[in-house]
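The values are calculated or read from the model by the stated rules, or taken from the named source; none is laboratory data. In this text, all values refer to a predicted model and were calculated from it rather than measured experimentally. All Cβ positions, glycine included, derive from the backbone under ideal geometry; neighbour counts span all protein chains shown.
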Amino acid sequence: MVTNFFEILISGIFVGGVAGYLGSLMLSRKMTIVVDPLSHLALPGVALALIFQKDISLGAFLFLFFGAILIWFLEQKTKLPTETIIAILFTVSLAITFLFLSEHEIEEALIGDISKIGKIESLITVLISLFVFFLVQRIYPKLTLISISEDLAMAEKIDLKKYQFLYLLSISAVVALGVKFVGGLLVAGLTALPAASSRNLSKNLKSFKFISSLFGMLCAIFGIFISQFTNLPAGPLIIVSGLFLFTISILFKK
Amino acid sequence: METILKVENLNVKLDDELIICNLSFEVKKGEVLTILGPNGAGKTVLLKTLLGMFPYEGKIEWKKGVKIGYVPQRVPFVKDFPISIEEFFKLKTKNEKEIKEVLTLVGFDESFLKKNLGEISSGQYQRILVAWALISNPDVLLFDEPTSGIDISGEETIYQLLERLKREKNLTILLVTHDLSIVFKFSDYVICLNKCPVCQGKPKEVINPEVLSKLYGQEIKFYEHYHGH
């Protein structure tokens, strides 16, 4: 077993948990799919971080956040459909990533690499996860109402722009954390799979949130353990664990 | 009687298009005002403007401290995620006693709270939205196009419910509707709106075939125009 196994596991549990938690909100906002292209925007950030030997989560976060603002800006300016804008930014960022990185680095950017997580890194990961968890907890009710009906939300004097901004910020943070574990290509699965499984099993919002977070954690635990024993990369294994839970959830669907 | 709402020379423009022009009216406490008009006449925009959702020119004066409940038009069913009716109400208030009260007011018992919001009938959903609007005890209810006829026989209709609420809670009601019989049966005052007001006053006094053809005729003319090219 590797020396930093404990750090990897703890970080994984926190990131998986918060990804599952946020994922439940994203399912309700009909926004799951947005994470996928958004997460690819993280790739050039990861590339730069690798080139300059900085933390890839930091690079990813900065690119994601500004990428999201850029999408919003281009949408307002050009009135093109969001999908088109995202497709453009996505392919461009992927192209840039491939241009500048070596084969090994590309693999790390695409499917993640947790082998280098140390004590300080895992502490930072846990702290950021907790912060995002509390942020999401704060905005959850308002965003739920917004997704039920913007009219009802506006009648309650909810500032839609503010909450959408905080929502975007949370997504950027979770994707940035997730990139390290499962990579830029797979991070959408880390938020979508636990939430989708949880919906199959839940009858109300409370259990929906809870099971989604729990499944996020379980995915990380399974993936990291299996990775230790098989020497296969943890990222894809975490996602496959998610698929496993999803399959079970279908069998028990309410 | 006390004036609840006073509107003077209201003009609303959205994306440079005039949606409401030169509208003035007053609502007194306990009155039912209906807003009648064809699609695209600005009825929904009027309610939303009164709620402060759109910019406007002119004057909108609510009585000081007045509390408003709002039932929007066509709130889609929640299918994406599971949420119980109790959890839905808790998005607005943490007061469980109040939640039970409004639920009883619209004719459901407590066991209904555990039900999934996405799995009730559209008539029940409409009642739940009315109950939502009744939280925090409003003086005025703004209701955008109640859908009648979706309640199963034996239950009170949505209009009977509104009548009862008006009586029990002394509500002032502003109602957008297509339904002429409701205007006559239910309201004290009507505004026929097609961007600009076509008629306003007591329903029996101001509504006649001429007014109606003026109100809805324009729509038909536009329609013909559209098809002519």
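Please count how many residues of the range A:204-238 are assigned to a helix (DSSP H, G or I), more than 15 Å from the chain's Cα centre (by Cα) and within 14 Å of another protein chain (Cβ to nearest Cβ).
Result for the range A:204-238: 7.
Of all residues in the range A:47-61, count the ones that are touching a Gly at 6+ places or on another chain (Cβ under 9 Å) and not in a helix (DSSP H, G or I).
Residues that pass the stated criteria total 1.
Give the residue, chosen from B:117, B:46, B:36, that is among the hydrophobic types (A, V, I, L, M, F, W, C) and facing chain A (nearest Cβ under 9 Å).
Result of the check over B:117, B:46, B:36: B:117.
Just checking, does the range A:155-176 include any residue being surrounded by 21 or more Cβ atoms within 10 Å (Cβ to Cβ), touching a Cys at 6+ places or on another chain (Cβ under 8 Å) and in contact (Cβ under 8 Å) with a residue 60 or more places away in the chain? Spell out the reasoning first.
Of the range A:155-176, the ones surrounded by 21 or more Cβ atoms within 10 Å (Cβ to Cβ) are A:155, A:167, A:170-176.
Filter once more, so that each one left must be touching a Cys at 6+ places or on another chain (Cβ under 8 Å): none.
The answer is no, given that none of the residues of the range A:155-176 is surrounded by 21 or more Cβ atoms within 10 Å (Cβ to Cβ), touching a Cys at 6+ places or on another chain (Cβ under 8 Å) and in contact (Cβ under 8 Å) with a residue 60 or more places away in the chain.
Which members of the range B:1-46 meet the condition of being out of contact with any Pro (no Cβ under 9 Å at 6 or more places or on another chain) and among the basic types (Lys, Arg)?
B:6, B:28, B:29, B:43
Identify, by number, the condition in (1) closer than 28 Å to residue A:9 by Cα; (2) modelled with pLDDT under 80 that residue A:79 doesn't meet.
(1)
Residue A:147 passes all but one of (1) within 14 Å of another protein chain (Cβ to nearest Cβ); (2) free of Cβ contacts under 8 Å to residues at least 12 places away in the same chain; (3) touching a Ser or Thr at 6+ places or on another chain (Cβ under 8 Å); which number fails?
Answer for residue A:147: the failing condition is (2).
Report, by residue number, each residue of the range B:194-218 that is touching a residue at least 40 places away in the same chain (Cβ under 8 Å) and over 21 Å from the mean Cα position of the chain (by Cα).
Listed by number, the list holds a single entry, B:218.
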